[in-house]
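Read through the structure below, which is laid out as structure tokens, and then see the notes.
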Amino acid sequence: MVIFMDYLNIFFVYSILGHLLETIVNPKTNSGILYGYWTPIYGIGVEIIILSYTFLNNRLKLKGPLKFILTFLIGFIFLSTIEFIGGTLIEIIFHRTFWDYSKMKFHIGKYTSLEMALLWGLASLSVIYIIHPLLKKFIQKIPKFLTYIASFLFLIDIFLTIFIKAK
């Protein structure tokens, strides 16, 4: 149960940090489709990176540059794929486009590009080697009752988004 709570907290912390980052980088746009101050795609992305890195570290016992390169490639490929799928689903379900990379030189449709894929690879390395080591102890100390409250609010947010925004 403790490990599940840690991963749930990781999801919420990085969803909130991702929303904050989007707000700072592009303050004129709304980050994400939910009402709350979180953008779940960032939480999901970080979960994928941390779980992949843990797998590379514990199961495959990879060391040195190979682990570094694979961490980059996992972020590059998986996060770009999630971005593409997320953008497509948002457009299908909510009839909105939250981002459009079609003006970038190396775009792949409107929801991903080589430039963003490189950024996601670098962001993955930053999360694994800099950001998460700094936040890990804080995340592990988040009280269970806050996680329960965040989970409850998140589920309400999803429900409201589906039944209000999707219409």
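Coordinate-derived values only; no laboratory data. Owing to the predicted nature of the structure, the values given are computational and were not obtained by experimental measurement. For neighbour counting, all protein chains shown are included, and Cβ atoms are generated from backbone atoms with ideal geometry for every residue, glycine included.
Note on THR29/PHE159: beta-carbon distance plugged into 1/(1 + (r/R0)^6) with R0 of 22 Å gives a FRET efficiency of 0.40. Legend: ranking of residues TYR37, TYR101 from fewest to most surrounding C-beta atoms inside 10 Å; resulting order TYR37, TYR101.
Secondary-structure-derived ellipticity at 222 nm for the chain, considering helices only, amounts to -20500 deg cm²/dmol, per-run term -39500 (n - 2.57) for DSSP H runs with n ≥ 4.
What number, in percent, do you get for the relative contact order of segment 47-165 if the mean sequence gap of Cα pairs under 8 Å and at least 6 apart is divided by its residue count? If you can, show how the numbers build up before the last one.
On the way: 85 pairs, mean separation 28.4, N = 119.
Worked out over segment 47-165, it gives 24 percent.
Once the Cβ-Cβ distance between LYS105 and ILE131 is put in as r, and R0 is 30 Å, what FRET efficiency do you end up with, to the nearest 0.05? E between LYS105 and ILE131, to the nearest 0.05, is 0.60. Close amide H contacts of THR112 (hydrogens built in the peptide plane, cut-off under 5 Å, sequence separation of 5 or more or a different chain): TYR101. In terms of surrounding Cβ atoms within a 10 Å radius of their Cβ, ASP6, ASP100 rank from fewest to most as ASP100, ASP6.
Using a 10 Å cut-off around each Cβ, can you sort ILE77, ILE49 from fewest to most neighbouring Cβ atoms?
The fewest-first ordering by Cβ neighbours comes to ILE77, ILE49.
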